[in-house]
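A.B. asks: Questions regarding the structure given below will be posed in turn.
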Amino acid sequence: MSPLSQCKSGDTVFVKGFTGGAKLRSKLHAMGLMPGEEVEIISSNGGPLVIQAKGVKLAIGCGMAENILVSCACSCPRNTGCWQR
């Protein structure tokens, strides 16, 4: 698992959990991000990440993205870290 902030544009990942407090988890749940959710990274270029989940595009700030733990959606043997090309 790695933070969402380490993902690159075009990656598809699954949300595994959150490391922030209750306020952060509540905000992410209100945005529709739940553990198990598939997320596509639309844009990741130093500013806020633009992601798509459930057909909705969301902008996630870098600080918030650090607290969202994800794993890759590919079929690599370790199923972790392969977006770090």
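Since every read-out is calculated from the coordinates, none of them should be taken as a lab result. Note that the coordinates shown come from a computational prediction; the quantities given were computed from them, not determined experimentally. Virtual Cβ from ideal backbone geometry, glycine too; neighbours counted across all protein chains shown.
A.B. asks: Can you show me the helix-derived [θ] at 222 nm for the chain, built from DSSP H runs with n ≥ 4 at -39,500 (n - 2.57) apiece and divided by the number of residues, rounded to the nearest 500.
C.D. replies: On the way: 2 runs with 13 residues, N = 85.
Helix contribution divided over all residues of the chain: -3500 deg cm²/dmol.
A.B. asks: Based on Cβ point charges of +1 for Lys and Arg and -1 for Asp and Glu, what charge dipole magnitude is obtained for the chain about its Cα centre, in debye rounded to the nearest 20? Intermediate values should be presented prior to the final figure.
C.D. replies: On the way: 9 positive and 5 negative charges, 25 e Å.
Its charge dipole is roughly 120 debye.
A.B. asks: Next question, about the same structure. Taking the Cβ of PHE18 as the centre, find all other residues whose Cβ is under 13 Å away and add up their charges (Lys, Arg: +1; Asp, Glu: -1). If you can, show how the numbers build up before the last one.
C.D. replies: Details: positive: LYS16, LYS23, ARG25, LYS27; negative: GLU37, GLU66.
Around PHE18, the surrounding residues sum to +2.
A.B. asks: If you don't mind, there's one more thing I want to ask. In the chain, if the dipole is taken from +1 on Lys/Arg beta carbons and -1 on Asp/Glu beta carbons about the Cα centre, which of LEU58, ALA73, THR12 is farthest to the positive end?
C.D. replies: LEU58
A.B. asks: Now for a separate question. If a paramagnetic tag sat 7 Å from the Cα of THR12 along the Cα-Cβ line, which residues of the stretch 30-52 would have the backbone N under 11 Å from that point?
C.D. replies: The answer is 38-41.
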